[in-house]
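Data block below; observations after.
We did not get these values from a lab; they are worked out from the coordinates using the rules stated. What you see is a predicted model, and the numbers here were worked out from it, not measured in a lab. For neighbour counting, all protein chains shown are included, and Cβ atoms are generated from backbone atoms with ideal geometry for every residue, glycine included.
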Amino acid sequence: MKERNYRYASLLALFTIFYNLAEGVVSIWLGVADETLALFGFGVDSFIEVISAIGVWHMLRRIRANGNETRDEFEQRALRITGSAFYVLTIGLILTAGLNLYQSHKPETTVWGIVVSVVSISFMWVLIRQKTTVGKTLKSPAILADAACSRACLYLSLVLMAASVGYELTGIGSLDSIGAILIAWLTFKEGKESFAKAKGMNCSCNCSCSRTETP
């Protein structure tokens, strides 16, 4: 039973990797096409989350082999790369959002931002529930922390939805930039936590989030 649960947790981690890859491609492509910064930033974040998810998958394989949940060098390196990428994304989003606000830029449409956020919220909610369940069953802080990573993605999706719906309802172009700035704030927090974990200052998990409570 224990081996089956770890196998299931690994499958959830693999699904997270491939889902974020697909979400990143779609979001960046549509974000560029519709000139919506919030959706573009959301897509870049999805690609960064792939690095973290690969580290989680690697860690779960190692836990199944020796039961050790402390991070190895590969996972620490993944966290540092993830943290650096989040910081770069934060700077890029803030600078671009500031320029868009100055130029009173408006996206072509944010309909696809609504669609992407609804799909993301749906998948993240399922992942949170499943990862939390298997994490509690195995009494694994690492798997529970991985569920918290999915929860952070859920928050990003909610920000994207709010900005996208707000623009479609009001036509206020600055809402897209404000949404991008909020996403930048969340990615900055994720970057900071990634570096903290790489230094061993937080829980032994290879993700950019520290909360492990039940959703």
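Whole-Å semi-axes of the chain's equivalent ellipsoid, largest first, each the root of 5 times a Cα gyration tensor eigenvalue? Present the calculation step by step, with values, prior to reporting the outcome.
Numbers: eigenvalues 208, 60, 31 Å².
With the √(5λ) rule applied to the chain, the semi-axes are 32, 17, 13 Å.
For a quick check of your reading of the filter: which GluC sites (Glu not before Pro) in segment 37-106 sit in a DSSP loop and have no more than 10 other Cβ atoms within 10 Å? Don't skip to the end; give the middle numbers.
Values: sites: E49, E69, E73, E75; in loops: E69.
Qualifying residues, ordered by number: none.
Could you go through segment 92-102 in sequence order and give the Karplus-derived ³J(HN,Hα) for each residue, using 6.51 cos²θ - 1.76 cosθ + 1.60 with θ = phi - 60°, rounded to whole Hz, and x for Gly and Pro?
For segment 92-102, the Karplus-derived couplings read x, 5, 5, 5, 5, 5, x, 5, 5, 5, 5 Hz, x marking Gly and Pro.
Taking every eigenvalue of the Cα gyration tensor of segment 134-184, multiplying by 5 and rooting it, what semi-axes result, largest first, whole Å?
Numbers: eigenvalues 232, 19, 3 Å².
The answer is 34, 10, 4 Å, longest axis first.
Would you mind computing, in nm to one decimal, how far apart the modelled labels at L11 and S122 are, each placed 7 Å from Cα along Cα→Cβ?
About 2.1 nm, to one decimal.
Cross-link list K2/K136; K136/K199; K139/K189; K2/K192: which exceed 23 angstrom alpha carbon to alpha carbon?
On the way: K2/K136 12 Å; K136/K199 26 Å; K139/K189 26 Å; K2/K192 33 Å.
From the list (K2/K136; K136/K199; K139/K189; K2/K192), the Cα-Cα distance tops 23 Å for K136/K199; K139/K189; K2/K192.
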